[in-house]
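The values are calculated or read from the model by the stated rules, or taken from the named source; none is laboratory data. Fair warning: this is a prediction, and the values are worked out from it, not measured in the lab. We place every Cβ from the backbone using ideal geometry, glycine too, and count neighbours over all the protein chains shown.
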Amino acid sequence: MRLYDAHNHLQDERLLDRADALLREAADEGIAHMVVNGATETDWPDVAALYERHPDHIIPSYGLHPWYVQQRSDQWEQRLCAALDAHPAGVGEMGLDRWKSDLSWEGQEEVFIAQLRIAAERNLPASIHCLQAWGRLYEILEQEPRPACGFLLHSYGGSAEMVERFAPLGAYFSFPGAFAREKKERQREAFRRVPPDRLLIETDAPDQHPPPRLITHPLKDNEGQALNHPANLAAVYRYVADMLDEPVDQLAARVETNFKRLFAAFS
Ligand SMILES: [Zn+2]
C-alpha cells in the first residue's frame, strides 16, 4: 500500500531540525508522497530546501495562511510567484478564518483571492484552510476563477450539506487524524457524504494529533508538548477504512488515484 499525506507542515520550526528522520520514518510506514505547505513568506525557503533534499517524496506548496496575513511584506505576491517559478509546487496554505479570536478579518479576503487567482492562472492545486467562514468561502470560490485541476479543502469541517455544493466546484476533502476524536462526529458525518473520487487523507503534522489509540509514532517538542508525527498517517488510513466500512487496501488505492488526479502536475 502506498499512502499519501495531502497536507502537512514538515517545515514547521517544531519539526525542522529532525525533518529528515521524520520523513524516513514516514517512508517506512509506506508514505509515498506528502504535500508540505508553507504558511508565511519566512518559511517558504525551508519548504524549498526540504523539497530539494527529498524531491521524490515531497510536493512543495507555497502560500500565505490567514493567521500570517498581517505579517506579509509588500512584495509577497512577487515572492510567491518566484517560489512557484523555481520548481513544480502547489499554492497554499491559504484561506479564511473567523474562528481565531484575536485574528483580524482585514486583508484576509484580498490575500486569499489573490492566491486563488494565481493558482487558477497556473492551474496549480490550491490547499485551503477554512474555519467558520464557509458561506463566504463558497461565494468566493463560486465567483472567482478556480484551478481546473481542483483544490483541497484541508481538514474539511463544514457541513455535510455543503460537501455537495463544494464538490461541483472542484473540491477535494482531506480527513485529519484529529477527526477520529470522540467529539468530532459532525465532521465524520460530513466525510461520509464526500464523493468517492474526492476523498483524501492528511496529518496536518505537527498539529491535529489523532486520539492516543491511533498514535503509532509519539513525538514531543523540546518543552514536552505532544506533536503529530507524519508517520501517524497509516493509522488514520486504517481509521477511515473502518469508518467507511471499506477494506483498507481498497481505500488506499482510491485515495492514491484521487491524490494523483489532484496533484497530477507532480507525478
Ligand atoms: Zn495546515
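Considering every residue within the range 246-266, establish whether at least one is within 19 Å of HIS9 (Cα to Cα) and surrounded by fewer than 21 Cβ atoms within 10 Å (Cβ to Cβ).
There is at least one residue in the range 246-266 that is within 19 Å of HIS9 (Cα to Cα) and surrounded by fewer than 21 Cβ atoms within 10 Å (Cβ to Cβ).
Hey, among the residues in the range 1-28 that are more than 16 Å from the ligand (Cβ to nearest atom) and assigned to a loop (DSSP other than H, G, I, E, B), which one's surrounded by the fewest Cβ atoms within 10 Å (Cβ to Cβ)?
ARG2
Before we move on, is ALA49 more than 17 Å from the chain's Cα centre (by Cα), over 14 Å from TYR4 (Cβ atoms) and among the aliphatic types (A, V, I, L, M)?
Yes.
Quick one: in the range 171-189, which of the residues that are crowded, with 18+ Cβ neighbours inside 10 Å and more than 21 Å from PRO212 (Cβ to Cβ) is nearest to the ligand (Cβ to nearest atom)?
Keep residues of the range 171-189 that are crowded, with 18+ Cβ neighbours inside 10 Å, which gives 171-180, 187.
Pick out the ones that are also more than 21 Å from PRO212 (Cβ to Cβ) and you get 171-174.
Numbers: ALA171: 16, TYR172: 15, PHE173: 14, SER174: 10 Å.
Here the answer is SER174.
Quick one: which residue in HIS129, HIS154, HIS209 is at pLDDT below 95 and closer than 30 Å to LEU80 by Cβ?
Checking each option against the conditions leaves just HIS209.
Could you list, in sequence order, all residues of the range 29-49 that are in contact with a strand residue (DSSP E or B) (Cβ under 8 Å, 6 or more places away or on another chain) and away from the ligand (no atom under 15 Å from the Cβ)?
Scanning the range 29-49 gives GLU29, GLY30, ILE31, ALA32, HIS33, ALA48.
Within the range 158-173, is there a residue that is in a helix (DSSP H, G or I) and basic (Lys, Arg)?
Yes, because at least one residue in the range 158-173 is in a helix (DSSP H, G or I) and basic (Lys, Arg).
Residue by residue through the range 198-214, note down the ones that are away from the ligand (no atom under 16 Å from the Cβ) and farther than 11 Å from PHE173 by Cβ. Quick ask: steps written out before the conclusion?
Of the range 198-214, the ones away from the ligand (no atom under 16 Å from the Cβ) are 198-199, 211-214.
Result: PRO211, PRO212, ARG213, LEU214.
Could you check GLN225 against (1) over 20 Å from ARG254 (Cα atoms); (2) crowded, with 17+ Cβ neighbours inside 10 Å and say which number it fails?
Unmet for GLN225, out of (1) over 20 Å from ARG254 (Cα atoms); (2) crowded, with 17+ Cβ neighbours inside 10 Å: (2).
Do we find that VAL236 is under 28 Å from LEU16 (Cβ atoms) and in a helix (DSSP H, G or I) in this structure?
Taking the combined requirement at face value, the residue satisfies it.
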